[in-house]
1. Ranked by Cβ crowding within 10 angstrom, fewest neighbours first, how are B:392, B:144 ordered?
2. Taking every eigenvalue of the Cα gyration tensor of the stretch B:398-477, multiplying by 5 and rooting it, what semi-axes result, largest first, whole Å?
3. Quick check: the distance between the Cα centres of the stretch B:128-179 and the stretch B:1-60, to the nearest angstrom?
4. In what sequence do B:394, B:242 fall when counting other Cβ within 10 Å, fewest first?
5. Given the DSSP H assignment, sum -39500 (n - 2.57) over each helix run of at least 4 residues in chain A and divide by its residue total; what's the result at 222 nm in deg cm²/dmol, nearest 500?
6. Calculate for chain B the 222 nm mean residue ellipticity that helices alone would give, adding -39,500 (n - 2.57) per DSSP H run of length 4 or more and normalising by residue count, nearest 500 deg cm²/dmol.
7. How high is the relative contact order of the stretch B:1-132, in percent, with contacts defined as C-alpha pairs under 8 Å that are six or more residues apart?
8. Against the empirical 2.2 N^0.38 Å scaling, what ratio does the C-alpha Rg of the stretch A:23-75 come to?
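Read-outs: derived from the displayed coordinates by stated rules, not from any lab. Remember, predicted model here, so these are calculated numbers, not experimental data. FYI the Cβ positions are ideal-geometry reconstructions off the backbone, even for glycines, and counts take in every protein chain you see.
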């Protein structure tokens, strides 16, 4: 989780990732943030995020992202 | 004619709305005045623009999502006395440094049209009257307002209609913010050809499968997107899930297309017409186009093609002399598509729009784009980057000088240099001083559009210099990763 928070913090230091729960739905993260984020997560956690994973539910909060990462690591 | 996820308007309704808005504005605002329009991503925004025009005025569109400081900068350049806003943005409008009158769209939409007044205002317009002022990055730290005339816009729209063969069966999918130059196709092609435009919600671009679902649900046939927008679904693997079934035409511009992504589009949609466009806002969106007939490869570099109708291109070297075929020189453009200049900035205008040095006989202005190009043997133009430090990032044009000027205003930033890592699409800021990277990014997010915020910050003891005292950018580039 710490690693993820560090990536998010570096990506968008202006966003409160601890508490935000509608990052995509409310347009806080834009498409370019997502492209950058997907690249970093794939590298950092050695996973492959597929287009089907790119739904708001998986990226609306840091917690949801962590759950997705763990799920993909298990596969 | 225009639709978004929540509503849809017909041509007749568009006509009625623009008459109502036009009548109110004509009764309130002196003819020939600028009117700032700040309205959301919905069908009524184009109606606001054209309502202003029907009143014999011109519009300066602003995106309310931009930071307050940026909006105030735009207001300080355009110095308008009137601002037209939708209800959702009244609060933002009231918080700005604006002493003029705020007109609320919802309050005036039922205005009884005054046919005679509208006819008078229409008659006051000539083809060189300004149509809009669109703002773009300026190296001094203040945005430049590019003024486009009715005639320039129509020349461009007619030319692009011909190349893309846009007609009343086409449904376009709008990607660009409505205040940005790239949206003029999505707004004016329907008006001129009878096509329709669907305004795609911004957050769908973060969810590629949703984006393609929308293209299919709305049966979208034509896209005029930034290169960055075209890259996104290919990068995020959207084609693994589905394809845009109805798409026939895809026109892209704004930066150099990395062909590994275009290849994915071509492989999945081989029958689509792909058009690469090139050109600056100062020449009404685009100057040249190239129809991609070949199958591209990862390392293909697309040429920028040949001029659109009514665009003249010349290549001039540093001595303002023409160059031989194959030699690289500055791309200059002339024709009725040249902007009227930069709003309220005669100095800048005179520097950028000059008499054609090859023409001593009559007045012929050219615009020096600052872009470099060369002509192939077959007469096709190729693009070779910039003469100066302007970059294209996420489909937007940015002066690195503006990034530096902004950073220098931050307490704790002593000196800085901004560079662009193009392959990675990272905007870097190298700086000295005690400021933290968080403080710097927060300041950028507050003062400039999101796409101008540096992605990578590097704090240094001192900026490296060359023996002649100039900044050593090559050493800085070794920090790219």
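1. B:392, B:144
2. Over the Cα atoms of the stretch B:398-477, the ellipsoid semi-axes are 19, 15, 11 Å.
3. 16 Å
4. Lowest count first: B:242, B:394.
5. Computed mean residue ellipticity for chain A: -16500 deg cm²/dmol.
6. Counting only the DSSP helices, I get -8500 deg cm²/dmol.
7. Relative CO of the stretch B:1-132 lands at 30 percent.
8. 1.04
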